[in-house]
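Read the structure below first, then the notes.
The values are calculated or read from the model by the stated rules, or taken from the named source; none is laboratory data. Values in this document were obtained by computation on a predicted structure and should not be read as measured data. Neighbour counts are summed over all protein chains in view; Cβ atoms, including those assigned to glycine, are modelled from backbone coordinates with ideal geometry. Ligands, DNA and RNA are stripped out before the accessible areas are found, and what is left, the full protein with its side chains, is counted by its heavy atoms. Shrake-Rupley method; radii C 1.70, N 1.55, O 1.52, S 1.80 Å.
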Amino acid sequence: MSVMMGLRIVADPARVEDALNSDPERLQRIAQRARDAGCIHHRFFANEAGGEVLIVDEWPDAGSFLRFFEESTADVGPMMAEAGVTERPTPVFWRELDTPDKF
């Protein structure tokens with residue numbers, strides 16, 4: 001069963017969005033590498049109160065994301081710096097619980 005990965009970064013969401021959109025080809029290259037590494041879904045979310053962005057991915061397992069993340073520091077690091085991220089974020093992995101109320 002796949003896992004959801006949450007990566008919370010402290011940064012201005014508008015600045016993050018500007019950095020992500022400043023070089024669409026770079027972002028597409030990273031996204032393709034993520035797909036090739038097994039990423040199933042990927043989204044960015046801005047905290048409504050500001051000051052934070054949450055990256056939510058679905059991966060086959062935590063190890064697949066961790067390998068991708070370590071191998072992508074040359075691309076992702078400069079983009080995060082451009083976005084104003086000063087601390088390396090720590091991924092958190094979540095597994096789905098089997099409950100009767102899911103839909």
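Loop-resident GluC sites (Glu not before Pro) (DSSP state other than H, G, I, E or B) in the stretch 73-103 with no more than 11 further Cβ atoms inside 10 Å of their Cβ: Glu87, Glu96. Helix 73-82 sits at what angle to the longest principal axis of the chain, using alpha carbons and giving 0 to 90 degrees rounded to 10? Helix 73-82 sits at roughly 60 degrees to that axis.
Dipole of the stretch 25-75 computed with +1 at Lys/Arg Cβ and -1 at Asp/Glu Cβ about the Cα centre; of Trp59, Gln32, Asn47, farthest Cα towards the positive end is Gln32. For the stretch 30-103, the normalised intensity computed at q = 0.19 Å⁻¹ comes to -0.93 (log10 of I(q)/I(0), Debye sum over alpha carbons, equal scatterers, no solvent).
With respect to the chain, whose longest principal axis is taken over its alpha-carbon atoms, helix 24-37 is tilted by about 30°. Counting only protein heavy atoms and a 1.4 Å probe, the chain has 68 square angstrom of accessible area per residue. Put simply, when 24-34, 9-19 are sorted by average Cβ atoms within 10 angstrom per residue, most first, you get 9-19, 24-34.
Using a simple charge model, +1 on the beta-carbon of Lys and Arg, -1 on the beta-carbon of Asp and Glu, nothing else, what dipole does the stretch 1-87 show about its Cα centre, in debye to the nearest 20? It would help to have the intermediate numbers written out before the result.
Values: 8 positive and 16 negative charges, 39 e Å.
It works out to roughly 180 debye.
Here the chain has 55 percent of its accessible surface on carbon and sulfur atoms, given a 1.4 Å probe and all protein chains in place.
Looking at the chain alone, DSSP beta bridges between its own residues are antiparallel in about 100 percent of cases.
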